[in-house]
Amino acid sequence: MKRGLLPKKVKLSFVLVAVVVIGLLAVRIYNSGRLHLEKQTRFMMDTYVTIYALGPKKVTSRAIDLALDRMQEIEAKFNILNPKSPLYAFNHRGEPVSDQEILDVVRLALKVSHESGGAFDITISPLVELWGFYGDSYHLPGEQEIKDCLSGVGYEYLTIVGNGRLEKSRDNIRIDLGGIAKGYSVSQAAKVLRAEGATSALIDAGGDVYALGKKGSKFWNVGIRSPRGEDLLGYVEVEDLAVMGSGDYERFFIKDGKRYHHILDPKTGCPAEGLSGITVIYPDPIIADAWATALFVMGPGKGLETVEKIPGMETIMVTTSGETLYSSGLENGLKVIPKIE
Ligand code: AMP
Ligand code: MG
């Protein structure tokens, strides 16, 4: 036999073995996590936060862990009820805030306050407390109590001075970043995921969502909840977008047939009227979160008009009378889930 020449039978078995080995390898690579959807859930910020990531398990599982850790760190720092938070020292002892991370968020909050004509106002805190929305003793305050409280509300009493120090010009000013902090937390989680090599992930913070990249070759589908009941209004297909909501169903009580909720109008000191739920879609989760609260306060007319002027922002609003309104860019973008009768 010449060198290099194998009998036909041996050749065939060699090819067969090679095919089997390659096949097994392919299955191993697949199973070892190349197309693996990793998922972890933790309870924080009063809700269940779930992060999904598609990719090699070794990368995604570490990325998700670190992203959730970061969110917990932010929760502790931004919780105004936490005596160790710089916000607590600012609110109760008048100590200026010099934490740069908090200052960055306050700067964005003040920008949204300006642009929303004061509908968004982080100095709303004394009013949230008066209505009992920090605990579970929700109640209807008296008219005079609301009036007195309003004297301690106004973002114009806040200033960022020098090289970065938040100060107040009235002693009774207290701030609450509840309308924007979740967006910040989600944006930081996305930053960690990216830094750790995740390219396809979904952060779901109790219905407030950020889609990082695509779900493989497809868009991520994000359901838009209806403010009443468990139904979804439909879903949107997104990539590198935040889908953040606000609604009158999160914290509320009903007295004499009227619903009172936790999103307060800084002009009246009472729960904002006109909408029962809103969803804002925008690339930056912080801005989306702040505007969801702001537009909720502005109501359907002025709110929708404002969104149309903000490039890249879309909204879905449900009015208190049950009507669903969409911003112009969404008319064909919302996939409505057909009702099964
Ligand atoms: P969100 O769920 O993002 O709409 O935030 C609601 C939270 O924001 C409330 O629980 C309050 O802590 C705070 N908040 C209520 N009203 C306002 C307002 N007009 N501007 C800013 N924050 C508000
Ligand atoms: Mg918000």
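Brief remarks follow.
- When residues in region 259-276 are screened for being farther than 11 Å from Val297 by Cβ and buried (at least 18 other Cβ atoms within 10 Å of the Cβ), 5 of them pass.
- Residues (assigned to a helix (DSSP H, G or I) and open to solvent by 60 Å² or more (accessible area, probe 1.4 Å)) located in region 67-87: Asp69, Gln72, Glu73, Glu75
- Strands (runs of 3 or more DSSP E) wholly inside region 191-258 containing at least 2 residues that are open to solvent by less than 60 Å² (accessible area, probe 1.4 Å), away from ligand 1 (no atom under 16 Å from the Cβ) and under 21 Å from Asp65 (Cα atoms): 201-205, 208-212
- Filtering region 154-167 to residues that are open to solvent by 20 Å² or more (accessible area, probe 1.4 Å), under 16 Å from Leu87 (Cα atoms) and either part of a strand (DSSP E or B) or away from ligand 2 (no atom under 16 Å from the Cβ) (or both) leaves Tyr157, Thr159, Ile160, Arg165, Glu167.
- Only one entry of Pro227, Pro271 meets the criterion of being touching a Gly at 6+ places or on another chain (Cβ under 6 Å) and not small (Gly, Ala, Ser), and that entry is Pro227.
- All positions within region 290-314 that are without any contact (Cβ under 8 Å) to a residue 40 or more places away in the chain, closer than 23 Å to Leu232 by Cβ and within 13 Å of ligand 1 (Cβ to nearest atom): Gly303
- Ile146 being more than 16 Å from ligand 2 (Cβ to nearest atom) and under 22 Å from Gly274 (Cα atoms): yes
- Subset of region 269-278 [more than 9 Å from ligand 1 (Cβ to nearest atom) and either among the aromatic types (Phe, Trp, Tyr) or not in a strand (DSSP E or B) (or both)]: Gly269, Cys270, Glu273, Gly274
- Index of the failed condition, Pro266 passing every other in (1) within 16 Å of ligand 2 (Cβ to nearest atom); (2) in a loop (DSSP other than H, G, I, E, B); (3) more than 26 Å from Arg174 (Cβ to Cβ): (3)
- Failed criterion for Ser32 (all others in (1) small (Gly, Ala, Ser); (2) closer than 30 Å to Lys218 by Cα; (3) at pLDDT 95 or above; (4) open to solvent by 30 Å² or more (accessible area, probe 1.4 Å) hold): (3)
- Of the residues contained in region 168-178, none is found to be within 23 Å of His92 (Cα to Cα), part of a helix (DSSP H, G or I) and either modelled with pLDDT under 95 or in contact with a Gly (Cβ under 8 Å, 6 or more places away or on another chain) (or both).
- Hits in region 93-114 (condition: open to solvent by 20 Å² or more (accessible area, probe 1.4 Å), in contact (Cβ under 8 Å) with a residue 60 or more places away in the chain and part of a helix (DSSP H, G or I)): Gln100, Leu108
Quick grid of which residues meet (1) within 16 Å of ligand 2 (Cβ to nearest atom); (2) hydroxyl-bearing (Ser, Thr, Tyr); (3) more than 17 Å from Ser116 (Cα to Cα):
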site: His261; (1), (2), (3): yes, no, yes
site: Cys270; (1), (2), (3): no, no, yes
site: Ala288; (1), (2), (3): yes, no, no
site: Thr306; (1), (2), (3): yes, yes, no
site: Lys309; (1), (2), (3): no, no, no
site: Thr320; (1), (2), (3): no, yes, yes
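- Gly229 vs. criteria within 16 Å of ligand 2 (Cβ to nearest atom) and closer than 23 Å to Glu323 by Cβ: no
The values are calculated or read from the model by the stated rules, or taken from the named source; none is laboratory data. Please read these numbers as outputs of a predicted model, since none were measured by experiment. No Cβ is skipped: glycine too gets one built from the backbone with ideal geometry, and neighbour counts run over all protein chains shown. We work out accessible area using only protein heavy atoms, side chains counted, and drop any ligands, DNA or RNA first. Shrake-Rupley method; radii C 1.70, N 1.55, O 1.52, S 1.80 Å.
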